[in-house]
Structures are given as structure tokens and as C-alpha cells.
Amino acid sequence: MTTNAYRDAGVDIDAGNRAVQLMKEAVRSTFTANVLADVGSFGGLFALDNLPPQPVLVASIDGVGTKVKLASQTGRWRGVGIDLVNHCIDDILVQNARPLFFLDYVASSRLQPQAVAETVGGMAEACRAARCALIGGETAEMPGVYAEGAFDVAGAVVGLAERSRLLPRHDVMAAGDVLVGLRSSGPHTNGYSLIRRAIEGQDLLQVLADGQTLVDALLAPHRCYLPEVETLQAAGLAIKGMAHITGGGFIENVPRTLPQHLAARIVARSWEIPPLFQLLMRWSGVSREEAFRVFNLGIGMVLVLAAADAAPALDLLPDAMVIGRLIERGPVDPAIQLILGDNA
């Protein structure tokens, strides 16, 4: 005899099955010739063909933070799926890895098949753009663990690099190397606990100085920097290191790519901080100094290049800009010098 005891306890198996059916085609659209198992297998199978002489697997796992709360409140799910994939890809890109496959985890207090399918559809869209296969995932309905109406996503990427081409290259970095900033598409996935408090009482449909509505600017998907990096490398420009400006902003992330004897000197007036960040700084009351530790402030990736390569790089990437340079670092000097005023 069939009963509904499990559903009455808060878990709807049928809803889970509906979610899988809704997302199947999106997931299959990411499959490459390396994928050996269909949707629904217990484990994803990915063939490691045509490996470089010294292959290195590079892996990263992350979530989208409390941005998912704002997405839930507005019913906009596709963007957080894109966020999740692009954040993870950018994290392994800084070590010069190319994504092979992605795995996702979607959890909620009560499963909403359409929301799950839209989120996974966003993941699939980002995976296709990066030539990355979405080979598996987990959809979990956990009443009592997640608050009613809560929704969360996480994901893991595995990529491939050639050992001799791993970044950063500390052995070739030198004082005088330039820091090239690549524009972000918005806050990406960081600072949203502060952002959500800052926008309390604000009209999400208000139009900002750049023509975007506030909600569109806040939920703009995380930018993937793989095309820009490949453009520079295809042109023969040697990237010495990269810093993904995520949690911790400039202060925490730029030093992660530098050797001990060098520091980054970043001149804040090198670029105009986008209107959204200017408003968030004003509404939240965060100091300018702290903002550089919380937000990306319009720069989502920082590249280390030889000074001679700066001009060719800017020619190839129209929205890139030089934001600083490397300098010698003494034993007690900080790893980053942030020039906030007009005196550079």
C-alpha cells in the first residue's frame, strides 16, 4: 500500500523527480565527448584523454554566499547558477587551469522544481560557455535543517593544467611589473550580508546612474574571465600571476599571488568606482578603506604582466586598465599598498 509518510515529514520524492526531468536537457547540453555517463548515474564519468606531458588536476569548491537570499526574495534563480560556475572557474583560472567538469549541490527546506531547474539551467549556460561539462549534482530537501523557504547552492569544479605552465610564476615576477584590472559585472558573489543590510528600505527598481535598476545591478551574474585570459595568451603575452577579487577584496586576494619579496601598489583613482558600489558605500556607512576589503569595487580580476606587455594587453582587452604595479617589499612592509588619495 502506498503512503505519503515521507512527504508528510517534509520530503517530496516526486518533486525531486520533477526537478530532475526539468533540468535534464540543460545538463546534457554541456556534455563533451569526454562524458561517459548520462544524467541519473550514481557517479559522473569523465574520460581523461589527450593529457599534457605533466597533467595537474586543479579543483575548487564554493557557494554564492547570501546573494542566494536576494535571488530567493526576487525569484531570480538563473543568475545564481551562472554565479556559482563562473566563481569556481575563475578560482582555478588564476592557476592557469582550464575547467573539465562541474558538480553542483542544491538544497532547500522544501523543493521547488522550477526554481531548481532554473538554477541548474544557469549553471549549464555558464558551463557551455566555458566548455565545461556538468556531469552530476545533488538536490537535497531538508526540512528542519534549512529554515522554511531557505535555498542554498554550492558547486565544485575540476580543471586541468600543464605543470610547467602553472601560475603564479614567482620566479619571473619583478618590481615594475604592472597590475592590470579586468572589470567586474557587479558585486559578483561577495559582500552580500552587508549589501542586504545596506539596501533595507530601498526601492529595488530605482534606476542607477548607469541605467541599471538596483536589483539588476545587484543580481548581475559573476563574470567569467576565461575568454580574456585566453585572448592574451593566444597573443603570446605571458601572464605572471592572477588574483581573483572575491571574499576579502583587494586586501586579502592580491597578496595571494605574490612572492614574499614583492608588494602590490594599487592606485584607487586608476578607475572609476561604479555607481552601485558608490551607493552601497554610502548606504552602509562602510569606510573607503574597508570597502577595498569587502567589495571588488568594479575590478573582478587582477593580472600581473611585464611592463612592456601592458599596452598590448590593453589593446586586446578594451575594458582593462592598469591599476598599479609591483614594488620591492621590506621585512616589515605590508603586502599591499593602497593609494586612496590623489597623490600617487
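Nothing in this text is a laboratory measurement; each read-out follows from the coordinates by a stated rule. Predicted model, so just to flag it, every value in this text is computed and none were measured. With ideal geometry, Cβ positions are generated from the backbone for all residues, glycine too; neighbour counts draw on all protein chains shown.
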Rounded to 5, percent antiparallel among DSSP beta bridges of the chain: 75 percent
The range 178-339, relative contact order [Cα under 8 Å, separation at least 6], %: 42 percent
Order of 240, 67, 24 - criterion: other Cβ atoms within 10 Å of each residue's Cβ, fewest first: 24, 240, 67
Cα gyration tensor category, rounded, prolate or oblate, for the range 178-339 with a/c compared to 1.5: oblate
Candidates 231, 257, 189, ranked by Gaussian network fluctuation over the chain, Cα under 10 Å, top entry: 231
Debye intensity ratio I(q)/I(0), log10, the chain, q values 0.06, 0.12, 0.14 Å⁻¹ (C-alpha model): -0.24, -0.91, -1.17
Principal axis dimensions, the range 36-120 - Cα atoms, whole angstrom, descending: 49, 31, 17
Helix 13-28 vs. the chain, principal-axis angle (Cα, 0 to 90°, nearest 10): 50 degrees
Over the chain, relative contact order from alpha-carbon pairs under 8 Å, at least 6 apart, %: 21 percent
Amide H contacts under 5 Å for residue 159, placed H, 5+ residues apart: 58, 59, 100
Nearest 10 degrees, 0 to 90: helix 78-93 Cα axis against the chain principal axis: 50 degrees
Prolate/oblate/rounded label for the range 21-72 (Cα gyration tensor, a/c 1.5): oblate
Pair residue 287, residue 32: separation of 7 Å Cα→Cβ label points (nm): 4.7 nm
Evaluated at q = 0.14, 0.17 Å⁻¹: base-10 log I(q)/I(0), Debye formula over Cα of the range 5-165: -0.69, -0.96
Exposure proxy ranking, count of Cβ atoms within 10 Å, fewest first, for 123, 23, 281, 142: 142, 281, 23, 123
Those Cys residues of the chain for which no other cysteine Cβ falls under 4.7 Å: 88, 224
222 nm mean residue ellipticity, helices alone, for the chain (DSSP H n ≥ 4; -39,500 (n - 2.57); rounded to 500): -9000 deg cm²/dmol
Net charge dipole size for the chain [Lys, Arg +1 and Asp, Glu -1 on Cβ; Debye, nearest 20]: 260 debye
For 134, 258, order by how many other beta-carbon atoms lie within 10 Å, fewest first: 258, 134
